[in-house]
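Beneath this line is the structure, given in structure tokens, with notes to follow.
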Amino acid sequence: MSELLTSLSGKTVHMVGIGGISMSGLSEILLSMGIHVTGSDVKNSPIVERLKLKNVPVFLKQEPSNITNQDLVVYTAAMPTDHPELEAARKKAFPLLTELRYWAKSCAVTKKALPYREPTERQQPLL
């Protein structure tokens with residue numbers, strides 16, 4: 001497990017744009033790892049309803065008051081830099097990551113964790 005995921009155990013991540021396919025998928029992964037998730041989106045959808053059924057608080061209005069005591073704010077790159085929730089997170093000095101950076105940091109493993117091994121004869125490509 002990456003250092004980032006380990007550090008978030010038992011903490012809360014707020015997802016700005018949680019109704020998108022990537023952000024909702026990331027939310028489901030975080031939930032499965034025991035990380036609390038909150039989120040916001042501009043509209044309700046079957047994806048949002050699925051997250052609500054998993055007890056994820058989803059705000060259907062994106063506003064600064066949604067940023068309260070979360071430990072990390074993750075946002076889709078589609079959000080403008082002056083988005084009210086992102087500005088609120090900056091004012092409170094909360095860590096911010098785009099979803100792409102979050103995926104990269106979450107998937108980071110050390111070379112020691114996954115040592116390189118030469119392929120065996122059976123693993124050689126057929127081409």
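Observations
- Three semi-axes describe the equivalent ellipsoid of the stretch 35-84; taken as square roots of 5 times the Cα gyration tensor eigenvalues and ordered largest first, they are 18, 14, 10 Å.
- Residue pairs, from the table LYS11/LYS54; LYS11/LYS52; LYS54/LYS105, whose Cα atoms sit over 21 Å apart: LYS54/LYS105
- Segment THR81-LEU60, extension gain: residue separation times 0.36 nm, minus the distance between their alpha carbons: 5.6 nm
- Pair-distance distribution P(r) for the stretch 1-59, from all Cα-Cα distances in 5 Å bins starting at 0: 4, 21, 35, 22, 11, 6, 1 percent.
- PHE59 sits with roughly 80 Å² accessible to a 1.4 Å probe, with DNA, RNA and ligands left out of the calculation.
The values are calculated or read from the model by the stated rules, or taken from the named source; none is laboratory data. Computed from a prediction, not measured in an experiment: that's the story for all the values here. To get the accessible areas, we keep the full protein, side chains included, count just its heavy atoms, and leave off ligands, DNA and RNA. Shrake-Rupley method; radii C 1.70, N 1.55, O 1.52, S 1.80 Å.
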